[in-house]
Every structure is written in C-alpha cells, then in structure tokens.
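The values are calculated or read from the model by the stated rules, or taken from the named source; none is laboratory data. All values reported here derive from a predicted model rather than from experimental measurement. In this analysis, Cβ positions are derived from the backbone assuming ideal geometry, glycine residues included, and neighbour counts consider all displayed protein chains. Keep in mind that these areas ignore ligands, DNA and RNA; they rest on the heavy atoms of the full protein, side chains included. Shrake-Rupley method; radii C 1.70, N 1.55, O 1.52, S 1.80 Å.
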Amino acid sequence: MKLTDEIQEIRQIIIEHVTPEIDGGRYPVKRVIGDCFKVEADIFRDGHDLIAAALLYKVVSNEPGTSNGNDDKWQEVPMQPVTNDRWEGEFPISTLGHYRYTIEAWNDRFGTWQHDMAKRVEASQVAPSDVLEGVAIVENTLKRISSQKDRTQLQSLLETAQATTDPVEAGRLFLTEEVTKLMDRYPDRSRAARYNELEITVDPVNARFAAWYELFPRSQSPDPSRTGTLQDVIAQLPRIKGLGFDVLYLPPIHPIGRSNRKGPNNTLNPGPEDPGSPWAIGNENGGHKAIEPSLGTFEDFDQLVRATREHGIALALDFAIQCSPDHPWVKEHPEWFFVRPDGTIKYAENPPKKYQDIYPINFYNKNSAALWEELKSVVLFWIERGVRIFRVDNPHTKPIPFWEWMIGEVKRDYPETVFLAEAFTRPKVMRALAKAGFTQSYTYFTWRNTKWELTEYLTELTQSEMKEYYRGNLWPNTPDILHEFLQVGGIPAFKLRFVLAATLSSVYGMYSGYELGINTPLRHGSEEYLNSDKYQVNNYNWKQPQYLGDFISKINQIRQENRALHLYDNLVFYRADDNQNIIAYGKATPEKDNVILVVVNLNPWASQEAWLGVPYWDWGIGAGEPYRVTDLLTGNAYTWHGEYNFIRLDPLQQPAHIFRVERFTR
C-alpha cells in the first residue's frame, strides 16, 4: 500500500480502556434482563478539535444464519464526556440472549467550528471567511439529509446567513440550540474510528437474584420405614416456599449403579437395601435420561415441575457427567471411557479419595463428536420436560472448550437457562469456567470465616473485573462440606453464616438440614457429614426447638422487600473500630432510595461491640442531620447522628443487624 493510501486509512481518534470488556472481547460480559448497561472508554485525539462519540448496540439473532430484524441495524445512544477524556454511555437491556456493542467516535467539525465561533461572536471578532467555513460545513451536511423538513430548515439558515452583511450577526445565527441539535443528527463520520465489537450475555433475573434450597428426594419421606419419593418432595414445597426459597435443587435423580455401590458413610460394604450414591449414575433401568424407579415416574416428575411453578419455585437438576459401571453407555460406547493397559475401565479418583462406583468420561476419544452431542442432548431432554436450571457437578474436571460449546448451543435456543458451576478448584480455572459460559459459580465462601478473609474475597468477587462475568453463589454448607466453624459454633454460627451468605451476595444456597443446625462430622478433622444423605436414606423431623425456619424466612423476606439486596456489585465494607469480630457492610440502589446496612458478630461464643463508621453523606444525608436505622430482623428503630454510632451484638440473642437506613421525612 502506498503512503498516500495508508494516510487515508489513518484514524486520528483513539478509543481505549473500554469497560466492561473481558480479555479483549474474547468472552462476553454478563447482565440480566432489565439492566441498564453502562459502558465507559477513554476517547481522545491529537490537537484541540472536538470529537463526538456514540455507543452502538444490537440484539444478536439466536438462530445461526438467520435474522431477527436486528442483526444488521445498530441502535445507538450518544456518549458523554465525564472527565479527563473519559466518556460514558448506557442503554437498557430488554431482550434475553445476546447483545453486541461497540463505540464509534468521529471528529465533530461543526461542533469545533461552533465552539470557536461562539468566542469570536462574544469578542465581536468575526471575519467573513469564518462564516464561510460554517457555511461549507452545513452545505456538506445537506448531502447526508433525506428529511425534507430538516433540509429546508438548514437551507433557510444558509440563505439568511448569506444575506446578513454583518459577520458577527451571521455567525450568531449558527449558535442556536435548534441548529446544534439539527447538525448533531447528521454528523460527518467519514473518518470515524470504531472499536472492536464486544458481546453481552443476557440472563433471566434469577441468574443474579435467587435463594437456592438443596435436598435429597429419598430423604423426604415422613415415614421412616420407606424411602422418599418425588411426591414427598411435592409435599415439602409449602415448607420450602415458606422459608422463602425460590430455587429447589435436586441431586441426580437417575437410576443408581449396583456395581461397587457405596454403603453408609462411603463404606465399601453396602447392605442389600443400601441405596448407593446418586452420583453413580446408571443401571439396567437407564442412565441420564431416566429416573430412579424408587423415586417415582416421569408422571411424578411432571407433577413436580408443575407444583414448583405453582409455588413460585424454579426447579434445578444436577448434571453430573460420569457413569456407574452399569450405565448403558459403558456397553454401548466403551470408547467414551478411560481404559487401563490391562483392558479395564478406570474409575474416578481424587487421591486419597477413591470413587470405585464411578467411571469418568474421556472427552477426547475417537468418537468425541457423538459424545459431545449426546451430553448436550441430556440437557435438552430435561429442558423439554420443563427444567431451566442446572447445577453442574465438578465441571473443572471436564474440558472448558466443551462447556463453552455446549452452554452456547443450549442458550442459543433457550437463553433463559441457568448453569451453576460446582467447582472448588484453582482460581484461574474457576474464572475460566465462568468466562466460558457458566451463569453462576460456587465460591470459597465456605472457607472464608474471618473479617479479613471475607472482606478481601467478597471485594474481589463483587468489585474487581470478576463482577462482569463471575456471579458468586454463596453456600454456608453443601452435602460435601460441613466446615469446622459450623461444627464447633453451634446455632449462633449457623445464624451468622446464613446472614452473611444471604446478604453479601444476591444469590446464595443452603443444603437441607442447615435449618436444624445439623453439625456432626464423620470424624474429627473431616468436613464430611456423619450419616450423609449422599450414601443413605435419612428422615428429618422439622418440628424441633432449634429449628431455624422463622429466622431463615425473615431474612429471605428482607431480601425480597429490599431492592438493594437484589444487586450483586453494590457491596461496600465499612469500618468497625479495630474489632476483628465485627464486620459491617452495606448495599444501596443506584438512586439511594433503598439503603441496607448489615452488621454481623463473627464470634459465635461471645458478645462483641464496636463504634461503627458509615459514610452517611453517600446516602444523601447532610452533616448534622439525624437519620433513622430500622433493624429489619426485630423491627426496632434507632436515631443515629453523624459517622460513628455504637453497636453491640450478643450471638446468643441476635448475631446480626440488618438495618434499613432512611432520612427523616419533613
């Protein structure tokens, strides 16, 4: 290319440091339906000429190779300068699926001329040639205008200006707000700079705001003499809804393998009636597209789907990509598994743990395409039966490219589908899974118990770049994890950890039995439950003195009634003296019309107190102005003044305050 041609291709305007943007646009950012999407960027050029910029966006068709009417037509909103060459713009998100967005910036020739002309008019120093420059810009603009009304208006302006003999008065004609708006509608973008196209994945609201409840159907029977069924789960729905949960998650409900079946507490010598682990999927009754006969039939399952919807609860199923030795795939597709040199199929291990009842899947085999398609068909099978949420077991042990492909394929046709990644592994792998498409992700919250740990970790999750693609779903317990803090802290520990999970993040989950304070480990130093639901049928009596149902229900009610707790990335931590046992943080809506302040005693054994420092000025409260804080857990209201106020929490009485902060009405 000749230098002349190269110069013609040069764009003076630089667009950089765009946020949000993940890995240079390699991965989409995440939002939910109804969000207002804000974009910022550094936009500048050499010299003093003015520039203009617009944020462009469009909905991407869900069907490849087809158009939904928006694929070729960008919509745009103007961007505004903020400070120091930083610009911002925003647009509303109204459609599930995928959006594309980019930034375009151009030289504002008329704006630059108009800016200088205003100074000249004010100083009465306008030369005829100065006016002619503006006339030329307007004449060039006329070439781009199709509206007859707008053309007529600009032509009238030119005629009047050319007939005006006083250059100052002629220049003044171009400075009206009406002319400015008209010219801004038809800018010269012939040398515009455009940024790379970026993408947004738009999920349903329950991708960001939800309360999950996990239970094992076989442990829901009111009769200790028989195993629980899907019908028993239906009977539990009023209690679960009363607790305030809106997602019900079931571990695998498929037929359970018989070979190498595990007994109670993960023993290798099961009895003839022991049910085995639900994660050992598959036997003569089928595999991932079948239901364990002892739980019920597909008719029962369909009734469960309908019943959850009637109760305002979404049903989530476990998607575990592994098989028992009895799974039909083992005979039909032995190439899908890992074969040892002696010809036997390799079972799963996480040394020193051994899972003799499970075969892992070989994703890269001579028939990989058929395997990947079959796994996708499993998800689609349950989607067609009404499921839209999947908790994925150990996704970090499967190829990340598979997840990016499979989730992308599913969400293309069912953009409302939610995938939760159950991955407790290395941070970069967990982040990569989220970038690859997982809607939500488990976190290290269970192991973060001190003030410093919680503050550092939740700040990273909600305030760093991670907030754009990683939605942390906080669980105080799972069937696999009974943390030592719960083992030794008793009911106060259960309460305070629940408050933290439910208010630090907008999405959290709880494993059944938590409301009873069950905290007996398999052995000292173990995080496994004694007599875990994973290996046996249990029976629960919810009518016990230590039942935390009212406490849990109240907190979930508070979550529902306060919009600040619906948001994920608005978490701010506050000062509480040097007391490492008191943690304080807040959440507020952008309009500051809902402000929530949470204070938690992290010590389940002793009362703690501190002077709490809060930025009342950020909430629109003036210096010296009193304000009301209402404890939503008790209903007690207090009048506070200034930045510092005294807090004392007794874990045996009340481990936390959840305050709503309000100005006094006048």
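State which residue is farthest from residue 190 (Cα to Cα) when the search covers only the stretch 128-179 and only residues that are open to solvent by less than 80 Å² (accessible area, probe 1.4 Å) and either hydroxyl-bearing (Ser, Thr, Tyr) or in contact with a Cys (Cβ under 7 Å, 6 or more places away or on another chain) (or both).
Once the filter is applied, the top-ranked residue is 164.
What helices (runs of 4 or more DSSP H), lying completely within the stretch 380-486, carry at least 2 residues that are aromatic (Phe, Trp, Tyr)?
400-413, 451-463
Are there any strands (runs of 3 or more DSSP E) wholly within the stretch 618-666 with 1 or more residues that are in contact (Cβ under 8 Å) with a residue 12 or more places away in the chain and surrounded by fewer than 16 Cβ atoms within 10 Å (Cβ to Cβ), and if so which?
627-631, 637-640, 644-649
Kindly indicate the residue of the stretch 83-121 that is part of a strand (DSSP E or B) and small (Gly, Ala, Ser) and also surrounded by the most Cβ atoms within 10 Å (Cβ to Cβ) among those meeting that condition.
Here the residue is 105.
Taking the criterion of being of a type in the set (Val, Ile, Thr), modelled with pLDDT of 95 or more, open to solvent by less than 30 Å² (accessible area, probe 1.4 Å) and not in a loop (DSSP other than H, G, I, E, B), would at least one residue in the stretch 342-361 satisfy it?
yes
Among 468, 453, which is more than 24 Å from residue 95 (Cα to Cα) and charged (D, E, K, R)?
453
Sort out which residues of the stretch 625-663 are under 25 Å from residue 496 (Cβ atoms) and small (Gly, Ala, Ser), and write them in order of number.
635, 637, 656
Name the residues in the stretch 524-581 that are out of contact with any Leu (no Cβ under 8 Å at 6 or more places or on another chain), within 22 Å of residue 486 (Cβ to Cβ), open to solvent by 60 Å² or more (accessible area, probe 1.4 Å) and in a helix (DSSP H, G or I), would you?
Of everything in the stretch 524-581, just one residue is out of contact with any Leu (no Cβ under 8 Å at 6 or more places or on another chain), within 22 Å of residue 486 (Cβ to Cβ), open to solvent by 60 Å² or more (accessible area, probe 1.4 Å) and in a helix (DSSP H, G or I), namely 550.
Need pairs with beta-carbon distance below 7 Å; first residue touching a residue at least 24 places away in the same chain (Cβ under 8 Å) and within 18 Å of residue 188 (Cα to Cα) and within the stretch 32-58, second surrounded by fewer than 19 Cβ atoms within 10 Å (Cβ to Cβ) and hydroxyl-bearing (Ser, Thr, Tyr); sequence gap 6+ or separate chains.
Here the result reads 49/112; 50/112, each pair linking the stretch 32-58 to a residue that is surrounded by fewer than 19 Cβ atoms within 10 Å (Cβ to Cβ) and hydroxyl-bearing (Ser, Thr, Tyr).
Select from the stretch 431-482 the residues that are surrounded by 19 or more Cβ atoms within 10 Å (Cβ to Cβ) and among the acidic types (Asp, Glu) and list them in ascending order.
Correct list: 468 only.
State whether one or more residues within the stretch 500-519 are of a type in the set (A, V, I, L, M), under 15 Å from residue 482 (Cβ atoms) and open to solvent by 30 Å² or more (accessible area, probe 1.4 Å).
Within the stretch 500-519, one or more residues are of a type in the set (A, V, I, L, M), under 15 Å from residue 482 (Cβ atoms) and open to solvent by 30 Å² or more (accessible area, probe 1.4 Å).
Is it fair to say residue 244 is within 27 Å of residue 416 (Cβ to Cβ) and touching a Phe, Trp or Tyr at 6+ places or on another chain (Cβ under 7 Å)? Show your work before the answer.
Details: within 27 Å of residue 416 (Cβ to Cβ): yes; touching a Phe, Trp or Tyr at 6+ places or on another chain (Cβ under 7 Å): no.
Taking the combined requirement at face value, the residue does not satisfy it.
Take the stretch 593-614 and flag every residue that is of a type in the set (Gly, Ala, Ser) and either at pLDDT below 95 or buried (at least 22 other Cβ atoms within 10 Å of the Cβ) (or both).
Once the filter is applied, which keeps residues that are of a type in the set (Gly, Ala, Ser) and either at pLDDT below 95 or buried (at least 22 other Cβ atoms within 10 Å of the Cβ) (or both), the stretch 593-614 yields only 610.
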